[in-house]
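The values are calculated or read from the model by the stated rules, or taken from the named source; none is laboratory data. Just so it is clear, the model here is predicted, and its values are computed rather than measured. Here the Cβ positions follow ideal geometry from the backbone for every residue, glycine too, while neighbour counts run over all protein chains shown.
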Amino acid sequence: MSFFQNIISSIMRSPLKKGLFGGEEFGVLHKDIDKALEAVMSTSGEVSSLVYAEHLLNLIEALNDQDLITFLQKLSTKYDIDPGALSKATVGYSKEKTQTNLEKVTKASEPLWVELFRRLNTTQDGTVKLVRLRERIRVLVRDNPEIAFFNSSLLSLFKGWFNPSFLVLEKIDWSTPANILEKIIEYEAVHEINSWDDLRARLAPDDRRCFAFFHPLIPDEPLIFVEVALCTNTPESINEVIKIDREIVNYKDINTAVFYSISNCQDGLSGISFGNFLIKQVAHKLKQEVDTIEKFVTLSPVPGFVRWLESKVKDQNIDDDSLTAEALLYLTVSEREDKLPNDPVARFHLGNGAILEKINLNADLSKKGILQSKGMMVNYLYNLELLEKNHELFFKTKIVQQSDEIKSLKKKLQIHT
């Protein structure tokens, strides 16, 4: 991949207008973005298309927010679906259902600007630049709903380009290049990394692991990463896991792998689920590496709990039993139209086939932990032999799979769900 990119990069840097290919000139690289767009959409040569597309993508990147909105509005108007052509193609297919007529319908039903994004993606760094473009669009669409279809269309393209089969799982440790380590610090979304010593404590010890997914076209940008603690039991607080000064677990005593932080790195890829593939691959990899591991669990935040609790209970100074009872209701009884769990982290893990294992009070006493969940954290259990069965059952019934401990706790607190 690097070899191919170097070839393309060399072409891009060359004085193309001097006629590298049989004396042919590539024409003008227009500073006017509308003319640059027209050059990309009208060219047929593969190399010239790359040159014009990279130039246009650079112009798009340089636009301020208002000019970007204006550009997208013009793009949707000029290169939208042709209703007449679509109607004609549909009529043709209804009369004669052939492969050729079906292809005409397919082509006519797709806006021409979708093809533009495909051409932009072929350029040097085109993929990562389009991811950044979608990040901007996701922000701008809040006040400009007319550009929402660019957001959804880019997501549709990304789902193909970022197919899990293309992703590369890499171990992140203290020997990983500094530019990647800096991004681990930047992208950590669950438990803030406050210093290089803090990062070292999560990556360097023998009983700690970190894995990330990368895409070959953006090798310097992690897409998602998970941090893992190898333990002798399931920890009940996050401080046990991330404190810098702690006793390292003897390798022969390890029996539990704890997924304690999962961070998506690219907002432009929001809507693509990498986490379920990541956890399953990492679990199988760890099992091969450390054959004494018998249990895979998470130590997970409950980010929506306080907001939900405030809508239910006026007096927030409730005792532990009452807090636990409310948490059990929040985690096991859905108030959503789709009947999926109220909590986003619960939706993720239960959707992967995990079960609700345990509720831990006073598990995260950081400012963030208190504000989002009153310090509560949850263990979700990943039984590798039952993941697929639990996954199918969950989406079929929407029932939260629960451990015996959770069931006993509900019975003790007289919670009926």
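Has region 79-99 got at least one residue that is in a loop (DSSP other than H, G, I, E, B) and either in contact with a strand residue (DSSP E or B) (Cβ under 9 Å, 6 or more places away or on another chain) or buried (at least 16 other Cβ atoms within 10 Å of the Cβ) (or both)? Yes, because at least one residue in region 79-99 is in a loop (DSSP other than H, G, I, E, B) and either in contact with a strand residue (DSSP E or B) (Cβ under 9 Å, 6 or more places away or on another chain) or buried (at least 16 other Cβ atoms within 10 Å of the Cβ) (or both).
Mind checking whether some residue in region 340-360 is surrounded by fewer than 17 Cβ atoms within 10 Å (Cβ to Cβ) and not in a helix (DSSP H, G or I)? So far as region 340-360 goes, no, none of its residues is surrounded by fewer than 17 Cβ atoms within 10 Å (Cβ to Cβ) and not in a helix (DSSP H, G or I). Tell me yes or no: at least one residue of region 241-255 is modelled with pLDDT of 95 or more and either part of a strand (DSSP E or B) or not assigned by TED's automatic domain parsing to the domain that holds Thr292 (or both). No, region 241-255 has no match at all. Return yes when Leu371 is within 26 Å of Ala283 (Cα to Cα) and aliphatic (A, V, I, L, M) and no when it is not. When the stated conditions are applied, Leu371 does not pass them.
Looking only at residues of region 256-277 that are at pLDDT 95 or above and of a type in the set (A, V, I, L, M, F, W, C), we find that the one that is farthest from the chain's Cα centre (by Cα) is Ala257. All conditions in (1) outside any helix (DSSP H, G or I); (2) of a type outside the set (Phe, Trp, Tyr); (3) under 30 Å from Ala212 (Cβ atoms) hold for Glu337, with the sole exception of (3). Within region 374-417, the set of residues being closer than 18 Å to Val258 by Cβ and of a type in the set (Ser, Thr, Tyr) comprises Tyr380, Tyr382, Ser403.
The C-beta contact set for region 184-205 (first residue of a type in the set (Lys, Arg), second residue surrounded by 12 or more Cβ atoms within 10 Å (Cβ to Cβ) and in a helix (DSSP H, G or I), distance under 7 angstrom, 6+ apart or interchain) comprises Arg202/Ile242.
Among the residues of region 328-354, those identified as of a type outside the set (D, E, K, R) and more than 22 Å from Ala189 (Cβ to Cβ) are Leu328, Leu329, Thr332, Val333, Ser334, Gly353. Residue count for region 19-37 satisfying the condition of being modelled with pLDDT under 90 and part of a loop (DSSP other than H, G, I, E, B): 10. Just one of the listed residues (Asn379, Asn317, Asn360) is at pLDDT below 95, out of contact with any helix residue (DSSP H, G or I) (no Cβ under 9 Å at 6 or more places or on another chain) and of a type in the set (S, T, N, Q), namely Asn317.
Taken as a whole, the structure places Ser311 among residues that are in a helix (DSSP H, G or I), surrounded by fewer than 12 Cβ atoms within 10 Å (Cβ to Cβ) and not assigned by TED's automatic domain parsing to the domain that holds Asp198.
Of note, Ser152 does not satisfy the criterion of being assigned by TED's automatic domain parsing to the domain that holds Asp197 and exposed (fewer than 14 other Cβ atoms within 10 Å of the Cβ). Determine whether Lys314 is more than 18 Å from Ser237 (Cβ to Cβ), in contact (Cβ under 8 Å) with a residue 40 or more places away in the chain and not hydroxyl-bearing (Ser, Thr, Tyr). Answer is no for this residue. Filtered by the rule that a residue be among the hydrophobic types (A, V, I, L, M, F, W, C), touching a strand residue (DSSP E or B) at 6+ places or on another chain (Cβ under 6 Å) and within 15 Å of Leu199 (Cα to Cα), region 221-242 gives Phe225, Val226, Val228, Ala229, Val241.
Scanning region 290-308 turns up at least one residue that is more than 30 Å from Glu335 (Cβ to Cβ) and free of Cβ contacts under 8 Å to residues at least 40 places away in the same chain.
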